[in-house]
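Peer 1: So that we are looking at the same thing, I have put the structure below in structure tokens.
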Amino acid sequence: MAYSDKLIDHYENPQNVGSMDKAAPDVGTGLVGAPACGDVMKLQLKINDDGIIEDAKFKTFGCGSAIASSSLVTTMVKGQSIEAAEQIKNSDIAAELALPPVKIHCSVLAEDAIKAAIADYRKKRAQQG
Amino acid sequence: MTVKLPIYLDNQATTPVDPRVAEAMIPYLTQFFGNAASRNHSFGWAAEEAVEIAREELAALIGASPKEIVWTSGATESNNLAIKGAAHYYEKKGKHLITVATEHKAVLDSCHALEREGYEVTYLGVQPDGRIDLDELRGAIRDDTVLVSVMFANNEIGVLQPIKEIGAICRERGVVFHTDAVQALGKVPVDVAELGVDLMSMSAHKMYGPKGIGALYVRRGRPRVRLQPLIDGGGHERGLRSGTLAVHQIVGMGKAALYAKEDLDTGKIDEVRRLRDKLWAGLQEQLDELYLNGSWDHRLPNNLNISFAYVEGEAMMMAIKDIAVSSGSACTSASLEPSYVLRALGVDVELAHTSIRFGLGRFTTEEELDYALALIVEKVRWLREMSPLYEMVKEGIDLKSIEWAAH
């Protein structure tokens, strides 16, 4: 399968690999996918009181496209507001990396990861009152 | 020390043509181009002589008589001819066949085709080590069973089936025994008389010969095995496989067999085994959570199939792109389903996604092996550093306790 240069670059030099303290009140963690399906993404967003995403980290078990999609997503959301990050669509990710049709599900997973991380952050905020 | 990249470690997929084989073939394209069926001039005689020498060379590799060799286009055709040919010929005796879940698609799909014609097929499962249970085979044979087809060595996991025992069971019950021996030739000794094999599929390109040529061994001695041909035509190959013989390809397969036998006789194959063992030992020394797929004791000397837990197979192949290997991961297949062979062994689907097949060969060098080992270790560590699953396991989280959302 021929992958785009951008995809290969994100795979070979992934941006923002790592973990943040998932117990921290300003960190939202999204864990999506399933080992049985061959891909699991963990996306963490550090969000300030103004609702701006200050930092993003990921760890991904999956194929090259899944890793590249996760890496791309961290670069897309950094510095964005929660609302703007929520607008990111899987098609944006797929287009940016020129994902082949059989790999579209990787971009869907990346979109899900953003939504899951934001939902986790909001839940934490709600619990804090 | 410089190693030429990329390194080829996918010798179960195909092998390079040995330069000695290629050299032997060339004159039969330009100089001795005759039709082996032309009986009235020297061009034909030269072609026929070359074909018969190759037949002897291949027969010598498997302990057969040259008359028992039928040339085909490859092992897929050999498997089709053996299975459909025997089923059709012995139709009046019965319409039941037995094969195994881990067989090559050429065998399984031939059986499926027969099922559509009204035949019944029993698909034996395998034990966790990839071998069949002989008692299960005994129990599956019925009065109307006409053929048992069990591969010699599996193409993904290299597991060797107990061929001699299966041969004895089939002989006792009067059932024709076919084996797909494509992966075994030149790697382990194969003697059809000793093993009690009636039909055996062979391919040149898995033993350093050209693609597009194969053969089927068809027993002529007692008991004689009969087949109904798949292809109608000029009656070549005793009527079993019509079509002008591809003389240069056949010459190549003959020489490939000659050198395959040499690998066994000279101990060259033991050197391949030593390198394979070194790779496995080196990986185990430096990495944790590795799982060998299939039996270690009953295995081809050049095969290693390992699950690198928490590292997805396709990502792994991209990371070690200077080494050509295969994966049982779903992401490498069009179907997005992980290897049916590994699933038949009962390997967890999670682990099937992380499997990599290494196939060493005649031309694999120690330098290549050392380079590959170092690269694999480095990249597995890198990918595990990136793997949320590895992180969770290291934190003591049981992955099975998590409710994953299937997608």
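The values are calculated or read from the model by the stated rules, or taken from the named source; none is laboratory data. Since this is a predicted model, take the numbers as computed values, not measurements. Glycine gets a Cβ as well: all are built from the backbone with ideal geometry, and neighbour counts include every protein chain shown.
Peer 1: Looking at this structure, is B:K261 under 23 Å from B:K187 (Cβ atoms), touching a residue at least 60 places away in the same chain (Cβ under 8 Å) and surrounded by fewer than 16 Cβ atoms within 10 Å (Cβ to Cβ)?
Peer 2: Numbers: under 23 Å from B:K187 (Cβ atoms): yes; touching a residue at least 60 places away in the same chain (Cβ under 8 Å): yes; surrounded by fewer than 16 Cβ atoms within 10 Å (Cβ to Cβ): no.
No.
Peer 1: Any idea which residue in region B:380-407 is surrounded by the most Cβ atoms within 10 Å (Cβ to Cβ), counting only those that are in contact (Cβ under 8 Å) with a residue 24 or more places away in the chain and within 11 Å of chain A (Cβ to nearest Cβ)?
Peer 2: Only one residue tops the list, namely B:S387.
Peer 1: Still on this structure, please answer the following. Can you run down the residue pairs with Cβ atoms below 6 Å, 6 or more apart or on separate chains, where the first is in region A:28-39 and more than 7 Å from every other protein chain (Cβ to nearest Cβ) and touching a residue at least 24 places away in the same chain (Cβ under 8 Å) and the partner is part of a strand (DSSP E or B) and among the hydroxyl-bearing types (S, T, Y)?
Peer 2: none
Peer 1: A follow-up question, please. Across region B:356-367, which residue is farthest from the other protein chains (Cβ to nearest Cβ) among those that are in a loop (DSSP other than H, G, I, E, B) and in contact with a Ser or Thr (Cβ under 8 Å, 6 or more places away or on another chain)? I'd like the intermediate steps shown before the answer.
Peer 2: Of all residues in region B:356-367, those in a loop (DSSP other than H, G, I, E, B) come to B:360-365.
With in contact with a Ser or Thr (Cβ under 8 Å, 6 or more places away or on another chain) added as a condition, the list becomes B:361-362.
Working: B:G361: 25, B:R362: 29 Å.
Only one residue tops the list, namely B:R362.
Peer 1: For B:G125, work out the one condition from (1) farther than 30 Å from B:G361 by Cβ; (2) without any contact (Cβ under 8 Å) to a residue 40 or more places away in the chain it doesn't fulfil.
Peer 2: Just one mismatch for B:G125, condition (2).
Peer 1: Given the conditions (1) out of contact with any strand residue (DSSP E or B) (no Cβ under 9 Å at 6 or more places or on another chain); (2) within 13 Å of chain A (Cβ to nearest Cβ), which single one is not true for B:D370?
Peer 2: In the conditions (1) out of contact with any strand residue (DSSP E or B) (no Cβ under 9 Å at 6 or more places or on another chain); (2) within 13 Å of chain A (Cβ to nearest Cβ), B:D370 misses (2) alone.
Peer 1: On to the next question. Restricting to region A:55-71, and then to whatever is assigned to a helix (DSSP H, G or I) and within 7 Å of another protein chain (Cβ to nearest Cβ), can you tell me which residue is surrounded by the fewest Cβ atoms within 10 Å (Cβ to Cβ)? Break it down stepwise before answering.
Peer 2: Initially, region A:55-71 is screened for residues assigned to a helix (DSSP H, G or I), giving A:64-71.
In the following step, the residues that additionally are within 7 Å of another protein chain (Cβ to nearest Cβ) were identified as A:64, A:67.
Values: A:G64: 25, A:I67: 31.
Among residues in region A:55-71 that are assigned to a helix (DSSP H, G or I) and within 7 Å of another protein chain (Cβ to nearest Cβ), the one surrounded by the fewest Cβ atoms within 10 Å (Cβ to Cβ) is A:G64.
Peer 1: To continue, here is another question. Report yes if A:E83 is over 13 Å from the mean Cα position of the chain (by Cα), more than 14 Å from chain B (Cβ to nearest Cβ), more than 14 Å from A:G18 (Cα to Cα) and in a helix (DSSP H, G or I), otherwise no. Step through it out loud before you land on a result.
Peer 2: Working: over 13 Å from the mean Cα position of the chain (by Cα): yes; more than 14 Å from chain B (Cβ to nearest Cβ): yes; more than 14 Å from A:G18 (Cα to Cα): yes; in a helix (DSSP H, G or I): yes.
For A:E83, the condition - over 13 Å from the mean Cα position of the chain (by Cα), more than 14 Å from chain B (Cβ to nearest Cβ), more than 14 Å from A:G18 (Cα to Cα) and in a helix (DSSP H, G or I) - is met.
Peer 1: Exactly one of these conditions fails for A:T74: (1) assigned to a helix (DSSP H, G or I); (2) of a type outside the set (D, E, K, R); (3) surrounded by 14 or more Cβ atoms within 10 Å (Cβ to Cβ); (4) away from every other protein chain (no Cβ under 14 Å). Give me its number.
Peer 2: Going through (1) assigned to a helix (DSSP H, G or I); (2) of a type outside the set (D, E, K, R); (3) surrounded by 14 or more Cβ atoms within 10 Å (Cβ to Cβ); (4) away from every other protein chain (no Cβ under 14 Å) one by one, A:T74 breaks only (4).
Peer 1: Quick check on region B:134-143. Is at least one of its residues crowded, with 16+ Cβ neighbours inside 10 Å and in contact with an Asp or Glu (Cβ under 8 Å, 6 or more places away or on another chain)?
Peer 2: No: region B:134-143 contains no residue that is crowded, with 16+ Cβ neighbours inside 10 Å and in contact with an Asp or Glu (Cβ under 8 Å, 6 or more places away or on another chain).
Peer 1: Among all residue pairs at least 6 apart or on different chains, which show Cβ distances below 6 Å where the first residue, located in region B:67-84, is closer than 21 Å to B:V146 by Cβ and the second is in a strand (DSSP E or B) and of a type in the set (F, W, Y)?
Peer 2: So the pair list comes out as B:E68/B:Y217.
Peer 1: State which residue is surrounded by the most Cβ atoms within 10 Å (Cβ to Cβ) when the search covers only region A:41-54 and only residues that are away from chain B (no Cβ under 14 Å) and closer than 12 Å to A:T29 by Cα. Lay out the reasoning, then the answer.
Peer 2: Step one: of region A:41-54, the residues away from chain B (no Cβ under 14 Å) are A:45-54.
So of that shortlist, the ones also closer than 12 Å to A:T29 by Cα come out as A:45-47.
Values: A:L45: 28, A:K46: 18, A:I47: 25.
It comes out as A:L45.
Peer 1: Can you tell which of B:V341, B:V272 is more than 20 Å from B:E368 (Cα to Cα) and out of contact with any Cys (no Cβ under 8 Å at 6 or more places or on another chain)?
Peer 2: On inspection, the qualifying residue turns out to be B:V341.
Peer 1: Within region B:325-341, can one find any residue that is part of a helix (DSSP H, G or I), touching a residue at least 40 places away in the same chain (Cβ under 8 Å) and within 11 Å of another protein chain (Cβ to nearest Cβ)?
Peer 2: Going residue by residue through region B:325-341, those that are part of a helix (DSSP H, G or I) are B:330-332, B:340-341.
Pick out the ones that are also touching a residue at least 40 places away in the same chain (Cβ under 8 Å) and you get B:340-341.
Pick out the ones that are also within 11 Å of another protein chain (Cβ to nearest Cβ) and you get none.
Taking every residue of region B:325-341 in turn, none turns out to be part of a helix (DSSP H, G or I), touching a residue at least 40 places away in the same chain (Cβ under 8 Å) and within 11 Å of another protein chain (Cβ to nearest Cβ).
Peer 1: State all residues of region A:1-29 that are buried (at least 17 other Cβ atoms within 10 Å of the Cβ) and farther than 15 Å from A:A66 by Cα; if no residue qualifies, say none.
Peer 2: A:V27, A:G28, A:T29
Peer 1: With B:L195, B:L199, B:L185 as the choices, which residue is at pLDDT 95 or above and under 12 Å from the mean Cα position of the chain (by Cα)? I'd like the intermediate steps shown before the answer.
Peer 2: Details: B:L195 fails: under 12 Å from the mean Cα position of the chain (by Cα); B:L199 fails: under 12 Å from the mean Cα position of the chain (by Cα).
Every option except B:L185 fails the conditions.
Peer 1: Also, quick follow-up: If I ask for residues that are over 17 Å from A:L45 (Cβ atoms), part of a helix (DSSP H, G or I) and either touching a strand residue (DSSP E or B) at 6+ places or on another chain (Cβ under 8 Å) or of a type outside the set (V, I, T) (or both), which ones from region A:93-124 would you list?
Peer 2: Taking region A:93-124 first, the residues over 17 Å from A:L45 (Cβ atoms) are A:94-108.
From what is left, the residues that are part of a helix (DSSP H, G or I) are A:94-97, A:101-108.
Selection gives A:A94, A:A95, A:E96, A:L97, A:P101, A:K103, A:H105, A:C106, A:S107.
Peer 1: Mind checking which residues of region A:8-24 are more than 10 Å from chain B (Cβ to nearest Cβ) and without any contact (Cβ under 8 Å) to a residue 60 or more places away in the chain? Even if it seems obvious, please write down each step before you answer.
Peer 2: Pass one, region A:8-24, residues more than 10 Å from chain B (Cβ to nearest Cβ): A:9-10, A:13, A:15-16, A:20-24.
Selection gives A:D9, A:N13, A:M20, A:D21, A:K22, A:A23, A:A24.
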